[in-house]
Amino acid sequence: MKKMCDAIYIHIPFCIKKCGYCDFLSFSCEEKSKIDREQYVKKLIEEIKLYPKLNYDTVYFGGGTPSLLEVKEIQRILEELNINIGAEVTLEVNPQTVDLEKLKGFREIGINRLS
């Protein structure tokens, strides 16, 4: 019997703007006062710590626009996960939210797939 891989979806609810067709929980940059990114990352990490540690083969950051987070914020989240060697670590990216330096940073912390 083949073992199913352990995967995790991490929702990042921040967007440049809220699209009319989107049904996901998300907040536009204009709504910044409703939710603070740093506080969200902190609470997300607290929640991750509530669950047993699994060894992940797949990590997917979706949203929203996860690429609105800083590299160090994504890194802090990744540091709380046990990620297997060779795992696929995906980050949804809006091209307007990244530059070459940020893309290099994402690569350095283990992001190996962009969507």
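The values are calculated or read from the model by the stated rules, or taken from the named source; none is laboratory data. Remember, it's a predicted structure, so these values are computed and weren't measured experimentally. A quick note on method: Cβ atoms are made from the backbone with ideal geometry, for glycine too, and the neighbour counts reach across all protein chains shown.
Regarding segment 38-53, can at least one residue be identified that is within 24 Å of Leu114 (Cβ to Cβ), of a type outside the set (S, T, N, Q), touching a Phe, Trp or Tyr at 6+ places or on another chain (Cβ under 6 Å) and in contact (Cβ under 8 Å) with a residue 24 or more places away in the chain?
No, segment 38-53 has no match at all.
Report, ordered by the first and then the second residue, all pairs with beta carbons closer than 9 Å, sequence separation of six or more or different chains, a first member in segment 16-35 that is β-branched (Val, Ile, Thr) and at pLDDT 70 or above, and a second member that is surrounded by 10 or more Cβ atoms within 10 Å (Cβ to Cβ) and in a loop (DSSP other than H, G, I, E, B).
Ile16/Thr65; Ile16/Asn94
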